[in-house]
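A quick write-up on the structure given underneath.
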Amino acid sequence: QLQASGGGLAQAGESLRLSCAASGRIFSYNTMAWYRQTPGKQRNLVARMSSGGSTYVDDSVQGRFIISRDNAKNTVYLQMNSLKPEDTAVYYCNIITGGADYWGQGTLVTVSS
């Protein structure tokens, strides 16, 4: 189970921080990620981080968004800085563990200009 929080309304240039806590059967090696989706569009990867520390950040948010995690808490964070209106989306957290793929419920981020 994944529980995401931290979405909301921000103005362009402001920051928000998303959190997502995983519970249940979590293998020590896993990858947690953030995706985002706007209406009518596909869900796209924003950033991911493995429990070993390997990180990927999409070019569209590189230099503005930072992914981090607390392995002891099975929690992943997404620090979103210098937000832009085009960052408006529903953000979903994801975990791949033990060969299975799980999704959180999504949290809405709205950035006004």
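Screening the candidates Leu45, Leu78 for the property of being crowded, with 19+ Cβ neighbours inside 10 Å and within 26 Å of Ala100 (Cα to Cα) yields one hit, Leu78. Among the residues of region 4-42, those identified as surrounded by 14 or more Cβ atoms within 10 Å (Cβ to Cβ) and in a loop (DSSP other than H, G, I, E, B) are Gly6, Gly7, Ile26. Among the residues of region 43-53, are any assigned to a loop (DSSP other than H, G, I, E, B) and at pLDDT 95 or above? Yes, that holds for at least one residue.
Can you list the strands (runs of 3 or more DSSP E) found entirely within region 60-113 that contain at least 3 residues being in contact (Cβ under 8 Å) with a residue 60 or more places away in the chain?
Hits in region 60-113: 75-80, 89-97, 107-112.
Hey, among the residues in region 62-75 that are under 12 Å from the mean Cα position of the chain (by Cα) and within 16 Å of Ser15 (Cα to Cα), which one's most open to solvent (accessible area, probe 1.4 Å)?
Top of the filtered list is Ile66.
Restricting attention to region 81-106 and to residues that are open to solvent by less than 20 Å² (accessible area, probe 1.4 Å) and modelled with pLDDT of 95 or more, the residue that is farthest from Ala4 (Cα to Cα) turns out to be Leu83.
The values are calculated or read from the model by the stated rules, or taken from the named source; none is laboratory data. Values in this document were obtained by computation on a predicted structure and should not be read as measured data. Cβ sites come from the backbone with ideal geometry, for glycine too, and all protein chains shown count toward neighbours. What goes into the accessible areas is simple: the full protein's heavy atoms, side chains included, and nothing from ligands, DNA or RNA. Shrake-Rupley method; radii C 1.70, N 1.55, O 1.52, S 1.80 Å.
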